[in-house]
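Working notes, beginning with the structure itself.
The values are calculated or read from the model by the stated rules, or taken from the named source; none is laboratory data. Please read these numbers as outputs of a predicted model, since none were measured by experiment. Cβ coordinates were reconstructed from backbone atoms using ideal geometry, including for glycine residues, and neighbour counts include every protein chain displayed. Side chains are part of the model used for accessible areas, which takes the heavy atoms of the whole protein and leaves out ligands, DNA and RNA. Shrake-Rupley method; radii C 1.70, N 1.55, O 1.52, S 1.80 Å.
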2 protein chains.
Amino acid sequence: MQNDPRFDSDIPQPDTHLCHQQSGMSISRVDFTDRSTIIPVMNTSVDTKQRIIDSAQELIYARSYTDVGVQEICNRAGVKKGSFYHFFPSKRDLTLAVLDQLEQFFRDSVQDNAFSSDRSPLERIDRLIELIYEFQRQTREDSGQILGCPFGNLAGEMSTQDEQIRQRVMHIFRGIEARIAESLEDAIATGELADINVQASAEAIFAYIEGIVLIAKARNDPEVIRKLGKAVRGLMVPATMVKE
Amino acid sequence: MQNDPRFDSDIPQPDTHLCHQQSGMSISRVDFTDRSTIIPVMNTSVDTKQRIIDSAQELIYARSYTDVGVQEICNRAGVKKGSFYHFFPSKRDLTLAVLDQLEQFFRDSVQDNAFSSDRSPLERIDRLIELIYEFQRQTREDSGQILGCPFGNLAGEMSTQDEQIRQRVMHIFRGIEARIAESLEDAIATGELADINVQASAEAIFAYIEGIVLIAKARNDPEVIRKLGKAVRGLMVPATMVKE
DNA sequence: CGGGTAGTAGACCGGTCAGTTAAATTTGGG
DNA sequence: CCCAAATTTAACTGACCGGTCTACTACCCG
């Protein structure tokens, strides 16, 4: 273990241990002028493929798909480029793997928390926005910047560039909309909500969330999410044009 | 004119004439596999600086800031790189000029149309969404793809990357919100709308628009804007917590 | 012990990146 | 017509791009 060649390579060793599942989204404070030292290299104890995914996830989320190179992902993961292309046929395929992991992370950390049944159906949507706010506030505190929605970022950058990535993101969007729709169904069932167009309302609510997160990123201010999030209940789409 | 060296260079000549002010946003049909021939080179009759701005605007809007290189912008404009750096100190400064032009374009073609006083204040907001829908539908028809909001795209990609660009986009956002806020004020004045929190409502409406345009881009379907746009009137934020 | 295989290393491919430099050319005013 | 300023040209820098290739190591199974 001591003579592991990785330990005396020229790659700086990690000063933080980032578990890919929980804290894999955190990065260090950003310095616009020197991006090479923004994010420390990772711990090398996790298996190589996972380290590559984690490295890519953090770098691409903090910057963008196009701005981050394969070489930089490898450096951060403490892996040589040959190994990278042993595990992934292309940068795009790596990104699809990153999207899988991010979707899982979002389900485990955000959705399962927000949509737990210890809240009334409509409170779950408020809770979803609160959790997103808290997440963005935390990354802003850690890195000095709001990084926005990792799916929305890729949708905006890559939808015109890579059809597979676009479809993967679209599919993730559908899944989130479906969870919101479930809550709306429940709200109608419990009488918390009048009869509405569930599908259209869920899509509108999700679009609004993506919008406020993007505005928050543009202003670099997480409070936008909290403030504008309060208006989300207005987005219920009536089932008919008849007003009661 | 015949012996203009540009006419026997290896740069393919334009087959369309793109005026920078009106039709400068249109591009040809996209082919994911061969991006070098997506967009034809421009007419060389306009002055160089303007051609560079137009070329950059179209390329960056269709793809992304990072993905488009200075060389490609120059090729499309029929200009050598040295000329580029005669007019612009950097790629970023060119992008700021592009943002200026896009803001002007949006004001002239969208805002001034939507917010004209021949409609009731609230209808102006519906009209704004209609115009955005129509614009996105048109680019989808022309290029095969929804390109989304040029400001939102740059906000998502560049907010963490370039502070000047982030602030420029944020300022443009503020301007649009202000126009929406004006309409809401008018709506209250004419009695079309009950008393609401104008500023918060304007911000919520704008965030929602950005959100639905982003979702439309992710689905590559302009109809999303039309469909979800109908729910925008629900986003008025009550002035107080008191319900009447 | 032999041999197959998963994983790793590092050089290498053609091409592009943003930006620089210096010289040549065009332009417009006196 | 001449000169100077504005503009354009083309070669160039050093770094980096995504991806390929071959050789080598480490480990597992028989």
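Mind counting the residues in the range B:132-165 that are within 10 Å of another protein chain (Cβ to nearest Cβ) and over 20 Å from A:M158 (Cβ atoms)?
Number satisfying all stated conditions: 2.
Has the range A:114-127 got any residue that is of a type in the set (K, R), outside the structural domain of A:E223 (by TED's automatic domain parsing) and touching a residue at least 12 places away in the same chain (Cβ under 8 Å)? Can you show your working first?
So in the range A:114-127, the residues of a type in the set (K, R) come out as A:119, A:124, A:127.
Okay, now just the ones that are also outside the structural domain of A:E223 (by TED's automatic domain parsing), so none.
No - not one qualifying residue is present in the range A:114-127.
Checking the structure you have, find out if any residue of the range B:154-165 is modelled with pLDDT of 95 or more, within 15 Å of DNA strand C (Cβ to nearest atom), surrounded by 15 or more Cβ atoms within 10 Å (Cβ to Cβ) and polar (S, T, N, Q).
yes
Would you say B:N197 is open to solvent by less than 50 Å² (accessible area, probe 1.4 Å), facing chain A (nearest Cβ under 10 Å) and not small (G, A, S)?
Numbers: open to solvent by less than 50 Å² (accessible area, probe 1.4 Å): no; facing chain A (nearest Cβ under 10 Å): yes; not small (G, A, S): yes.
Taking the combined requirement at face value, the residue does not satisfy it.
Could you grab me the full set of residues in the range A:63-79 that are near DNA strand D (Cβ under 8 Å from one of its atoms) and more than 21 Å from the chain's Cα centre (by Cα)?
Residue satisfying the conditions is A:Q71 alone.
Being more than 8 Å from chain B (Cβ to nearest Cβ) and either in contact with a Phe, Trp or Tyr (Cβ under 6 Å, 6 or more places away or on another chain) or open to solvent by 60 Å² or more (accessible area, probe 1.4 Å) (or both) is true for just one of A:A181, A:A189, A:A239, A:A202. Which residue is that?
Details: A:A181 fails: either in contact with a Phe, Trp or Tyr (Cβ under 6 Å, 6 or more places away or on another chain) or open to solvent by 60 Å² or more (accessible area, probe 1.4 Å) (or both); A:A239 fails: either in contact with a Phe, Trp or Tyr (Cβ under 6 Å, 6 or more places away or on another chain) or open to solvent by 60 Å² or more (accessible area, probe 1.4 Å) (or both); A:A202 fails: either in contact with a Phe, Trp or Tyr (Cβ under 6 Å, 6 or more places away or on another chain) or open to solvent by 60 Å² or more (accessible area, probe 1.4 Å) (or both).
None of the other options fit; the residue is A:A189.
Does B:Q104 qualify as being open to solvent by 40 Å² or more (accessible area, probe 1.4 Å), farther than 22 Å from B:A218 by Cα and within 14 Å of chain A (Cβ to nearest Cβ)? Walk me through it before giving the result.
Numbers: open to solvent by 40 Å² or more (accessible area, probe 1.4 Å): yes; farther than 22 Å from B:A218 by Cα: yes; within 14 Å of chain A (Cβ to nearest Cβ): no.
Here the answer is no, as B:Q104 does not meet what is asked.
Look at A:G175 and say whether it is open to solvent by 30 Å² or more (accessible area, probe 1.4 Å), at pLDDT 95 or above, within 14 Å of another protein chain (Cβ to nearest Cβ) and within 23 Å of A:G234 (Cα to Cα).
Numbers: open to solvent by 30 Å² or more (accessible area, probe 1.4 Å): yes; at pLDDT 95 or above: yes; within 14 Å of another protein chain (Cβ to nearest Cβ): yes; within 23 Å of A:G234 (Cα to Cα): yes.
For A:G175, the condition - open to solvent by 30 Å² or more (accessible area, probe 1.4 Å), at pLDDT 95 or above, within 14 Å of another protein chain (Cβ to nearest Cβ) and within 23 Å of A:G234 (Cα to Cα) - is met.
Could you check A:D126 against (1) more than 14 Å from chain B (Cβ to nearest Cβ); (2) more than 16 Å from DNA strand C (Cβ to nearest atom); (3) under 18 Å from the mean Cα position of the chain (by Cα) and say which number it fails?
So A:D126 meets the others, but not (3).
When you scan the range A:159-177, do you find a residue that is in the same structural domain as A:D100 (by TED's automatic domain parsing) and over 26 Å from B:I146 (Cβ atoms), even just one?
no
Which one is surrounded by the most Cβ atoms within 10 Å (Cβ to Cβ) among residues in the range B:209-233 that are more than 9 Å from every other protein chain (Cβ to nearest Cβ) and of a type in the set (D, E)?
B:D221
A:L59 versus (1) more than 18 Å from A:S159 (Cβ to Cβ); (2) within 14 Å of chain B (Cβ to nearest Cβ); (3) out of contact with any Asp or Glu (no Cβ under 9 Å at 6 or more places or on another chain); (4) within 11 Å of DNA strand D (Cβ to nearest atom): which is the lone unmet condition?
Failing condition for A:L59: (3).
Can you name every residue in the range B:70-88 that is among the charged types (D, E, K, R) and farther than 15 Å from B:Q50 by Cα? Steps first, please.
Kept after step one, since they are among the charged types (D, E, K, R), are these residues of the range B:70-88: B:72, B:76, B:80-81.
Correct list: B:E72 only.
What number of residues in the range B:64-91 are free of Cβ contacts under 8 Å to residues at least 40 places away in the same chain and either near DNA strand C (Cβ under 10 Å from one of its atoms) or in contact with a Cys (Cβ under 8 Å, 6 or more places away or on another chain) (or both)?
First pass over the range B:64-91, keeping only residues free of Cβ contacts under 8 Å to residues at least 40 places away in the same chain: B:67-74, B:76-77, B:79-91.
When the remaining residues are screened for being either near DNA strand C (Cβ under 10 Å from one of its atoms) or in contact with a Cys (Cβ under 8 Å, 6 or more places away or on another chain) (or both), the result is B:67-74, B:80-86, B:88-91.
Qualifying residue count for the region: 19.
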